[in-house]
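Right, one structure below, let's go through it.
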Amino acid sequence: SKMRENIENAETIFKGLNKSLRDIKYGQDSYRFLLKSNQLKQGLYEMITSEINIGGLTLFSSAFEEKYHSEMEDLFSKLTESDTAGDAILNEYTDYRGYLDYDIEVISNGKSQFFSKIYGEKSGGETQTPYYVAIAASFAQMYSLGESIRIIMLDEAFDKMDDDRIGSMMQFFKEQNFQVILATPPAKMEVIGEYVDNIFMVYREGYNSFIEAYSL
């Protein structure tokens, strides 16, 4: 089914991203995406991803119906809801992303922590980095669907991150073959400038704005 294909594609993409992230350090930290089935939809996830659900053995096959009878009844009852929550339920159970749970594993000095558990306890730079990693992952997933210019535009980029983390992030963007356009304060320009092809200074005099090419 299309749902099964989408889930498998997501899992494959995240495996590829983790392979790219494996040897990259962000300061003292490294990151790995975790992708697993949603506990609240565990039965439905197993039904959708079952090996029985391949080729001619579809959800209408006797073997499939026998094994996943209760899951099918549960799913069809939700998809046929007709009350005011019907549309929301339909969207939830027909979107493959709802069958997956996501987290980021942060490995620091040999210790492993989950970002969902430590958010709010770390410094700005430490909590900001996973968001940029996730943003890059989202673009990589979107652009993997076909040929594209692979462009990313970021405003006020990396404002709370230190130089090491910024360098690692820019290196990851480069390895993903992204075309990145950044707007950043002058204080971050020196480290970011090492990873870009062109730098333009934007400044204002009175009511007029000017753009000039700049070289480090």
Residues in segment 24-34: is at least one among the acidic types (Asp, Glu) and at pLDDT 80 or above?
yes
Out of the residues in segment 151-188 that are closer than 16 Å to ILE199 by Cβ and of a type in the set (S, T, N, Q), which is least open to solvent (accessible area, probe 1.4 Å)?
THR184
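Say we look at segment 207-216 and pick out the residues that are of a type outside the set (Phe, Trp, Tyr) and modelled with pLDDT under 90; which of these is least open to solvent (accessible area, probe 1.4 Å)?
Out of the qualifying residues, it is SER215.
So which residues in segment 1-21 are among the charged types (D, E, K, R) and either more than 21 Å from SER116 (Cβ to Cβ) or open to solvent by less than 40 Å² (accessible area, probe 1.4 Å) (or both)?
If the condition is that a residue be among the charged types (D, E, K, R) and either more than 21 Å from SER116 (Cβ to Cβ) or open to solvent by less than 40 Å² (accessible area, probe 1.4 Å) (or both), then LYS2, ARG4, GLU5, GLU8, LYS19 are the ones that fit.
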I'm checking my understanding of the structure. Among residues of segment 56-113 that are part of a loop (DSSP other than H, G, I, E, B), more than 21 Å from SER37 (Cβ to Cβ) and at pLDDT 70 or above, which one is least open to solvent (accessible area, probe 1.4 Å)?
GLY110
What are the residues in segment 127-148 that are closer than 15 Å to PHE33 by Cβ, in a helix (DSSP H, G or I) and either among the polar types (S, T, N, Q) or open to solvent by less than 30 Å² (accessible area, probe 1.4 Å) (or both), if any?
THR129, PRO130, TYR132, VAL133, ALA136, ALA137, SER138, ALA140, GLN141
Cβ-Cβ under 8 Å, sequence separation 6+ or interchain: first residue in segment 116-135 and modelled with pLDDT under 80, partner surrounded by 12 or more Cβ atoms within 10 Å (Cβ to Cβ) and of a type in the set (S, T, N, Q). Which pairs?
TYR119/THR127; GLY120/THR127
Which pairs turn up if I take residues in segment 159-177 that are without any contact (Cβ under 8 Å) to a residue 60 or more places away in the chain and look for partners that are charged (D, E, K, R) and in a loop (DSSP other than H, G, I, E, B) with beta carbon separation below 9 Å, at least 6 apart in sequence or on another chain?
GLY167/GLU194; MET170/GLU194; ASN177/ARG150
One residue is enough: does segment 150-166 have a residue meeting the conditions modelled with pLDDT of 80 or more and small (Gly, Ala, Ser)?
yes
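The values are calculated or read from the model by the stated rules, or taken from the named source; none is laboratory data. These numbers come from a predicted model, not from an experiment. Methodologically, a virtual Cβ is constructed for each residue, glycine included, from the backbone with ideal geometry; neighbour enumeration extends over all protein chains shown. The protein model used for the area step is the full one, side chains on, heavy atoms only, and it has no ligands, DNA or RNA in it. Shrake-Rupley method; radii C 1.70, N 1.55, O 1.52, S 1.80 Å.
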